[in-house]
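Novice: Supplied in structure tokens, the structure appears directly below.
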Amino acid sequence: MFKSDSYDVIVVGGGPAGSMAAKEIAQAGHSVLMVEKHREIGIPLCCAEATSLRSLGLFMKPDPKWVAAPINGAILYSPDGTEVAVPWAEVGVVLERKIFDRHLAGMAGAAGAEVMVKTEAVAIKMNGETVEEVTLKSGNETRSIKCRVVIGADGVESLVGAWAGMDTRLEPEQFHSCAQYLMSNVDGLPDMVRFWVGRDIAPGGYLWIFPKGNGLANVGLGIVASLAGEKKPVQYLDEFIAKKLPGAKVIEAMAGGTPALGSDHPMVKGNVLLAGDAARLTDPLSGAGIAIAMASGTMAGNLAAEYLKTNDISQLKKYPKEWWSGPWKDLKFHHLVREVFLKLSDQEMDRIARLLVNILAGKDPARINPIDVAKTVIRSDPGILLLGRHLL
């Protein structure tokens, strides 16, 4: 049942972006309703669940209740099997997203936000470029709710932006199609994440194994469908598992996708802001998006709160500039690196892997700048230099 016909802000989507936005708005003393169309926050899961402690630390300390396993480094395998190992103590964690997302929603509720599940946004009413109402459906009840701001945190399939008149379309090469299994009996170091690249393994992307403790692991991949021909992501995944993990068993299966853009996407129009996947804000190179969603939701929530106090629409319009001049501005460079990566042959990936082994040998990974490493790799190989000359 709806408790009110009017809120200062309606947040569509109960993931990390939506919960952080709702929390900030409620803490600033404004009324906010966060709606989630699924029956539970955190379900269905479409995430590899890993995040860096550095990024997570911008918001909170890890809690054992929602941490499945520590990450103390990574291993990358090139197409010919060259192994690039990067030990890095306490670099990250693998989350239990179902618990983590509920924790964030709980924080929003504790701050004063109203949270409704099984409640879907089905339309918005515009007055010029301003949204006046959001039509919500909860069970058998449909209600138009007035608001002064709408935040779309409704994921990669977001409709809020399109309803507001933003061009939210993605080209095929701007999207990673993903498939993942939660598996048992997965061999390997319990605190190291592993990655595989190669056109025959994950064209345009990579395959991952993220351990979750007690022999459990998320095993998945993301690909660019236009480079994969007729094969589906799950076919690539099944082939890898048959070769590398014959004794592992599937516990859960999931599928989804992540956007892979730099900065060329609308984030705000009128009194509508987008956050997280809805704003196409992920790391275009790795596909990581948990901390980015939390950060964009926090910023959108803060700007909305400022606007509600001043009624100055310029507070909302500065959202893109503030985002792309802040801590996440390196995502633009990651987008350029991805453009190079998409053009690499397997042989070039193998050469890069061998260069990385030499570049990283004996180095403290915490003191290494990934951008400098990327530039060093490009300068070290004439063929790759030709591809990556615009990055230097």
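The values are calculated or read from the model by the stated rules, or taken from the named source; none is laboratory data. Source: prediction; values computed, not measured. Positions of Cβ are generated from backbone atoms using ideal geometry, with glycine treated the same way; all protein chains shown enter the neighbour counts. Accessible surface is based on the protein model in full, side chains and every heavy atom, while ligands, DNA and RNA are left aside. Shrake-Rupley method; radii C 1.70, N 1.55, O 1.52, S 1.80 Å.
Novice: When the scattering of segment 69-183 is computed by the Debye formula from its Cα atoms alone, each counted once and equally, what is log10 I(q)/I(0) at q = 0.10, 0.16 Å⁻¹?
Specialist: -0.56, -1.04
Novice: For the chain, state the average projected area of the convex hull of the C-alpha atoms over all orientations, rounded to one decimal in nm².
Specialist: Taking the Cα atoms of the chain, their convex hull projects to 19.1 nm² on average.
Novice: With a Förster radius of 45 Å, plug the Cβ-Cβ distance of Arg379 and Lys249 into 1/(1 + (r/R0)^6) and report the FRET value to the nearest 0.05.
Specialist: It comes out at approximately 0.50.
Novice: Can you classify segment 147-226 as rounded, prolate or oblate using the Cα gyration tensor, where a ≥ b ≥ c are the square roots of its eigenvalues, rounded means a/c under 1.5, and otherwise it's prolate if a/b beats b/c and oblate if not?
Specialist: oblate
Novice: Classify segment 138-182 as rounded, prolate or oblate, taking a ≥ b ≥ c as the square roots of the eigenvalues of its Cα gyration tensor: rounded when a/c is under 1.5, otherwise prolate if a/b is larger than b/c and oblate if not.
Specialist: Oblate, because a/c is 1.5 or more while a/b does not exceed b/c.
Novice: Within 10 Å, count the other beta carbons around each residue, average over each peptide in 287-299, 7-19, 303-315, and list them highest first.
Specialist: With the highest mean Cβ count within 10 Å placed first, the list reads 7-19, 287-299, 303-315.
Novice: Compute the orientation-averaged projected area for segment 100-150 from the convex hull of its Cα atoms and round it to one decimal in nm².
Specialist: Averaged projected area of segment 100-150's Cα convex hull equals 4.3 nm².
Novice: Further, regarding this structure: Tell me, in nm to one decimal, what length is gained between Asp200 and Ser263 on full extension, where the rule is 0.36 nm per residue of separation less the Cα-Cα distance?
Specialist: So the extension gain works out to 19.7 nm.
Novice: Would segment 1-63 count as rounded, prolate or oblate if I go by the C-alpha gyration tensor, calling it rounded below 1.5 in a/c and otherwise prolate when a/b exceeds b/c, oblate otherwise?
Specialist: Oblate, since a/c reaches 1.5 and b/c is not below a/b.
Novice: Rolling a 1.4 angstrom probe over the protein heavy atoms, how many square angstrom per residue are accessible across segment 155-211?
Specialist: Accessible surface, normalised per residue, equals 42 Å².
Novice: Another question about this same structure. Can you quote the Å³ per residue value for the convex hull of the Cα atoms in segment 242-381, rounded to an integer?
Specialist: Dividing the Cα hull volume of segment 242-381 by its residues yields 175 Å³.
Novice: Determine the gain in length on full extension of the stretch Lys232-Ala85; use 0.36 nm per residue of separation and subtract their C-alpha separation, reporting nm with one decimal.
Specialist: Stretched fully, the Lys232-Ala85 segment lengthens by 50.0 nm.
Novice: Still on this structure, please answer the following. Sum -39500 (n - 2.57) across every DSSP H segment of at least 4 residues in the chain, then divide by the residue count to get the 222 nm mean residue ellipticity, nearest 500.
Specialist: Mean residue ellipticity, 222 nm, calculated: -9000 deg cm²/dmol.
Novice: Still on this structure: Do you know the Lys pair count in segment 192-283 for C-alpha distances under 24 Å, with sequence separation 8 or more or different chains?
Specialist: Lysine pairs meeting the criterion: 9.
Novice: Measuring with a 1.4 Å probe in the full set of protein chains, what accessible area per residue, in whole Å², belongs to segment 278-380?
Specialist: Numbers: 4770 Å² over 103 residues.
Accessible surface, normalised per residue, equals 46 Å².
Novice: Considering only protein heavy atoms, what per residue accessible area in square angstrom results for segment 1-143 with a 1.4 angstrom probe?
Specialist: I get 46 Å² per residue for segment 1-143.
Novice: Please check: in the Gaussian network model of the chain (C-alpha springs, under 10 Å), which one of Ser52, Ser144, Ser380 has the largest mean-square fluctuation.
Specialist: Ser380
Novice: Moving to a separate point now. Round to a whole number: what % of the accessible area of the chain belongs to carbon and sulfur, probe 1.4 Å?
Specialist: Heavy-atom surface of the chain belonging to carbon and sulfur, 1.4 Å probe: 53 percent.
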